[in-house]
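What follows is a set of notes on a single structure, which appears directly below.
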Amino acid sequence: MCRNFVGKSIEMTKTILCPTDFTSESLNLVRQAIQDHADEKFNLVLLHGIHQSDSITDLLYFSKGKVIAELSNPIFDKEIEVLKARFAENINSFRLELFSGFTQRAFDRLLTDLQIEVVYLPRKYNFQLPRKSSMPLTRYLDRNPIRKVQVYWSGYDPISPETATQISPV
């Protein structure tokens, strides 16, 4: 809770980070976050790490949206849309972000800038690296003192187009 310039109380919205590899399995972190925060609104950030080229041409023409579109796939996109629609009363905002830094300080700064309060991490899931430029975020997350929630899942069956509207909460 904080006060605005008029002195009225403003409820601060919690921001949750879930690392992603753009697979259906990684969305289990989102499902768990939704379940854990079912009685409140929150902002959700999905984060993927990439090694950015140091070529001047590549940097000039770099587009976060284009990289995310290349990493994503139709099943992942459909599941995201279903989750956003089904839990619209909980999800205040939803963002896909990329981290391309090389230092812990850069990562910590990103979490501060995004106002992340809690991170959901898989307990026994190894993130896939969908591109050769993808990088795991585990080492950065392990070194950051932010609150972490460990999530374990087994036997997850991705949403088929026929059952996409029948998704149930975690």
Criterion (farther than 17 Å from residue 148 by Cα, touching a strand residue (DSSP E or B) at 6+ places or on another chain (Cβ under 7 Å), of a type outside the set (Lys, Arg) and touching a residue at least 40 places away in the same chain (Cβ under 8 Å)) met by exactly one of 42, 87, 99: 99
Criterion: farther than 23 Å from residue 107 by Cα and surrounded by fewer than 14 Cβ atoms within 10 Å (Cβ to Cβ) - qualifying residue of 81, 25: 81
The lone exception for residue 66 - which of (1) touching a Ser or Thr at 6+ places or on another chain (Cβ under 8 Å); (2) in a helix (DSSP H, G or I); (3) modelled with pLDDT under 95; (4) over 19 Å from residue 114 (Cβ atoms) it fails: (1)
Every residue from region 129-145 that is in a loop (DSSP other than H, G, I, E, B), touching a helix residue (DSSP H, G or I) at 6+ places or on another chain (Cβ under 8 Å) and in contact (Cβ under 8 Å) with a residue 60 or more places away in the chain: 130, 131, 137
So residue 76, is it closer than 23 Å to residue 135 by Cβ, in contact with a Phe, Trp or Tyr (Cβ under 6 Å, 6 or more places away or on another chain) and not aliphatic (A, V, I, L, M): yes
Selected residue (criterion: modelled with the lowest pLDDT) from residues of region 120-134 that are more than 20 Å from residue 102 (Cα to Cα) and touching a strand residue (DSSP E or B) at 6+ places or on another chain (Cβ under 8 Å): 123
Looking only at region 1-25, and only at residues there that are assigned to a strand (DSSP E or B) and of a type outside the set (A, V, I, L, M), the one that is modelled with the lowest pLDDT: 9
Unique match (being touching a residue at least 60 places away in the same chain (Cβ under 8 Å), surrounded by 13 or more Cβ atoms within 10 Å (Cβ to Cβ) and either more than 16 Å from residue 130 (Cα to Cα) or not acidic (Asp, Glu) (or both)) among 68, 34: 34
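The values are calculated or read from the model by the stated rules, or taken from the named source; none is laboratory data. These numbers come from a predicted model, not from an experiment. Virtual Cβ from ideal backbone geometry, glycine too; neighbours counted across all protein chains shown.
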